[in-house]
1. So, in nm, how far is label Q107 from label T37 when the simple model puts each one 7 Å beyond its Cα toward the Cβ?
2. Which entries in K160/K246; K38/K221; K170/K215; K150/K246; K226/K246; K160/K234 show an alpha-carbon gap greater than 22 Å?
3. Tell me, what is the FRET efficiency for K205 and A176 to the nearest 0.05, using R0 = 22 angstrom and their Cβ-Cβ distance as r?
4. Can you give the FRET efficiency for D20 and A100, using 1/(1 + (r/R0)^6), R0 = 30 Å, r = Cβ-Cβ distance, to the nearest 0.05?
Amino acid sequence: MYFKEIVPFRDDDDFWTHVDQAFKIMEADFRTSPIETKNQALRDIYSSGIKKGSQHLGAIGVIKYRVSDDRDSLEYYHLSGIELIPVITAHIAKRELSAAFLADWGQFCYCFGFVMNSAFAHGNDLQNERAGRKGGDAVFVDDHRVWFSKMYLRELQDPKYKLRRKPVAKRPVIEANITRLIEDIVRDKDRSSRVYPGLSIEWFKGFLKEDGSLKTTYLQKSLTEKSIRNDYSKRNVDCLPPLDLKIPIP
């Protein structure tokens with residue numbers, strides 16, 4: 001697995017070393033690759049933005065949503081693979097080439113192959129539907145407002161704002177802090193991929209004007225305290241980026 005050439009093993013220790021190396025790679029992929037939903041795929045939440053010719057390569061570091069996949073089986077084998085991790089770990093610790101090990105290892109590799117076929121695919125076969133939604137910019141703006149609203153309320157609970165008694169006085173400070181986070185994500189693509197793995201830089205660029213400032217639709221005059229609390233923060237959208245991102249220190 002992941003090795004270009006099959007090299008004869010020198011001895012038992014060499015064999016188990018190779019098994020352990022392959023297992024750790026597969027384990028990491030199982031644990032760190034989320035299963036992308038259709039909405040996430042359409043909105044490019046995890047997208048790299050990379051294209052190969054006219055083909056959109058889709059998400060990187062996730063198990064891509066593809067219409068052609070058997071989603072029930074994909075989720076089943078993803079869960080089965082994760083459940084087998086402690087079983088394989090115990091086999092490798094024993095270093096016994098037993099029938100039980102071969103059966104469990106074979107099942108683990110089958111689960112991995114089934115699931116990662118979607119992760120390694122070029123594109124998510126949603127090109128036609130993606131193209132058909134280009135006119136729905138209002139939907140994307142709403143998604144941004146939902147994320148911003150949830151981040152705003154999360155920040156509002158932070159003790160560092162307690163000196164400002166009224167929310168209206170805290171709003172400009174929180175707006176500036178969230179803007180700084182967004183700027184940090186979009187500023188340097190290489191750094192962003194390390195600090196914020198899996199996030200779509202293009203999605204976060206939707207918050208900013210060409211000069212890098214926050215668009216007026218997210219400022220207090222347009223996105224009011226009432227609409228944040230009574231509307232946007234209560235919406236459930238399955239394609240939002242995480243809300244536990246840390247505001248960078250200025």
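Values quoted throughout were computed directly from the atomic coordinates according to the rules given, and no laboratory measurement underlies them. Owing to the predicted nature of the structure, the values given are computational and were not obtained by experimental measurement. All Cβ positions, even for glycine, are placed from backbone atoms using ideal geometry, and neighbour counts span all protein chains on display.
1. 3.1
2. Values: K160/K246 14 Å; K38/K221 33 Å; K170/K215 18 Å; K150/K246 14 Å; K226/K246 25 Å; K160/K234 24 Å.
Those over the limit are K38/K221; K226/K246; K160/K234.
3. Values: r = 18 Å, r/R0 = 0.82.
After rounding, the FRET efficiency stands at 0.75.
4. Working: r = 17 Å, r/R0 = 0.58.
Efficiency computed from Cβ-Cβ geometry: 0.95.
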